[in-house]
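Worksheet: one structure, shown below.
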Amino acid sequence: MRILFVGGTGNISAACTRRALSEGFEVFNLNRGNRPDRTAPGVVTLTADIRNPETVKTALAGLRFDGVVQFLAYRPEHVRADLELFEGIAGQYVLISTCSAYRKPSLSPVITEDTPLENPFWEYSRLKIACEAVLREEGTARSFPFTIVRPSHTYDDGWIPGVFGSSDYTIPWRMRGGKAVVVPGDGQSLWTLTHASDFAVGLVGLLGNPAALSEAFHITSDERLTWDAIHAILAEALGVRAETVHIPSDYIARIRPERGAGLLGDKAVSVLFDNSKIRSFVPEFRPEVTFAEGVRRSLEWYDARPDLKVPNPVVDAEIDEILGYWRKALALLPKVDGKP
Ligand SMILES: NC(=O)c1ccc[n+]([C@@H]2O[C@H](COP(=O)([O-])OP(=O)(O)OC[C@H]3O[C@@H](n4cnc5c(N)ncnc54)[C@H](OP(=O)(O)O)[C@@H]3O)[C@@H](O)[C@H]2O)c1
């Protein structure tokens, strides 16, 4: 089997590349060549910019693939461009969508692939829903063979998944420095964090399976944690006592609308993903990396790169701003036992 990952060195796609190689597939990555450090040995890299179709056509010249996995389609026009690029040369095209596409506010926390797609809060999710619609309507009309895969919050070594960004060291840095961190709501909504190595088993298991054509799947861990627990596990892994401050997501949205969109439209909503469908198609999919283990690996990754153990100044200032407004609001309340 010959597989092309568009991306291939990213947070999720690198693990998928490794998994496909370990399954004995011939693996190609298409990217701009910025991450040689994350390029797996044995991969053929096609250097092109997916937003510049001419460079992609040149890189793909004469090649055909059993599977093409598109990690970089965020807008309907990206999928339309892919229909032109990959029609006739892909035995299966896999669109990486998102679980944030599932209906919000949710009517039930239990999410199956039949849960309707609708997200009035977050434009990112609406655009992914539109990407899926293009594939279903225009792809089906053209007999384009496709599968839709929806990851939820997914991280590899080096990401510390959180509510305020996942790809930098801001939250551990604040925790270690005794600075408060913000936890949405009352910290009790349930969230799922999936390690990319587990996701990769499900994704790669769908490649080359004709029964997966025209189907959608989510692929997530079965571990459900409250946001309080996620922060407690991170603090324990760091060996610190963290100060967490509960702030309603609606309040955060008033201060930072874009952050609020990602909370009200995704991370602050309790979800229980039912993974029966992916299990029935890919029996070897048995997620095994707990968050405690995954975050331990990520912290180890940072320990080996001390120069990266710094906060993102934008995210750090954002958290300070939200905490500042919250503390001002609390100061207006009557004191309890003399305390603010
Ligand atoms: N992580 C999550 O929690 C989550 C949840 C739901 C859905 N998703 C979906 O997962 C996908 C992201 O996957 P990922 O995390 O593996 O990717 P990523 O880390 O965002 O992507 C980086 C990869 O794409 C390549 N790349 C970036 N821009 C490119 C361009 N213009 N042309 C060619 N290559 C380009 C990069 O290499 P170069 O820089 O060398 O080009 C690298 O290989 C998205 O579709 C996202 O919506 C993620």
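Tabulated results
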read-out: Positive-end extreme of charge dipole, the chain - chosen from Asn29, Met175, Pro283 (charges on Cβ); value: Met175
read-out: Angle between the chain longest axis and helix 313-331 axis [Cα atoms, degrees, rounded to 10]; value: 40
read-out: Inter-probe distance in nm under a simple model that places probes 7 Å from Cα toward Cβ, at Glu23 and Thr58; value: 3.2
read-out: Dipole moment magnitude, nearest 20 debye, the stretch 1-58 about Cα centre, only Lys, Arg, Asp, Glu C-beta charged; value: 100
read-out: Crossing angle, helix 291-303 versus the chain [Cα axis fit, 0-90 degrees, rounded to tens]; value: 90
read-out: Label point distance in nm, Asp320-Glu87, each placed 7 Å from Cα along Cα→Cβ; value: 5.3
read-out: Charge dipole magnitude, Cβ of K and R +1, D and E -1 - the chain, Cα centre, debye nearest 20; value: 540
read-out: Cα-only Debye scattering, the chain: base-10 log of I(q)/I(0) at q = 0.07, 0.11, 0.14 Å⁻¹; value: -0.31, -0.75, -1.17
read-out: Rounded if a/c under 1.5, otherwise prolate or oblate - the stretch 1-72, Cα gyration tensor axes; value: oblate
read-out: Degrees, to the nearest 10: 123-134 long Cα axis against longest axis of the chain; value: 20
read-out: Estimated inter-spin distance, Leu213 and Ala304, nm [label 7 Å along Cα→Cβ]; value: 4.1
read-out: Gain upon complete extension [Arg224, Arg176; 0.36 nm per residue less C-alpha separation]; value: 14.7 nm
read-out: Interchain or long-range residues, amide H under 5 Å from Val69's placed H; value: Leu4, Phe5, Val6, Val94
read-out: Mean residue ellipticity (222 nm) of the chain, computed from DSSP H runs ≥ 4 via -39,500 (n - 2.57), nearest 500; value: -10500 deg cm²/dmol
read-out: Share of Cα-Cα pairs in the stretch 80-198 lying beyond 24 Å, as whole percent; value: 43
read-out: Residue among Pro161, Pro210, Pro313 with the largest mean-square fluctuation in a Gaussian network model of the chain, springs linking Cα atoms under 10 Å; value: Pro313
read-out: Where Cα atoms sit under 30 Å apart: lysine pairs in the stretch 2-331 separated by 8 or more or lying on different chains; value: 12
read-out: Which of Ala232, Gly67, Pro116, positive extreme of dipole for the chain (C-beta unit charges); value: Ala232
read-out: Of Gly265, Leu213, Ala242, farthest towards positive along the dipole that unit charges on Lys, Arg, Asp, Glu beta carbons give the stretch 202-290; value: Gly265
read-out: Separation of alpha-carbon centers, the stretch 1-45 and the stretch 123-141, rounded to whole Å; value: 25
read-out: Rounded if a/c under 1.5, otherwise prolate or oblate - the stretch 177-238, Cα gyration tensor axes; value: prolate
read-out: Distant-in-sequence amide H partners of Val163 (H built 1.01 Å from N, under 5 Å); value: none
read-out: From phi via Karplus (6.51, -1.76, 1.60), per-residue ³J(HN,Hα) for the stretch 71-83 in Hz, x at Gly/Pro; value: 8, 10, 9, 10, 9, x, 5, 5, 5, 4, 4, 5, 4
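No value in this document is a laboratory result; all are computed from the given coordinates. All figures in this text were calculated on a predicted structure; none of them were measured in a lab. As a convention, Cβ positions derive from the backbone with ideal geometry for all residues, glycine included, and neighbour counts pool all protein chains shown.
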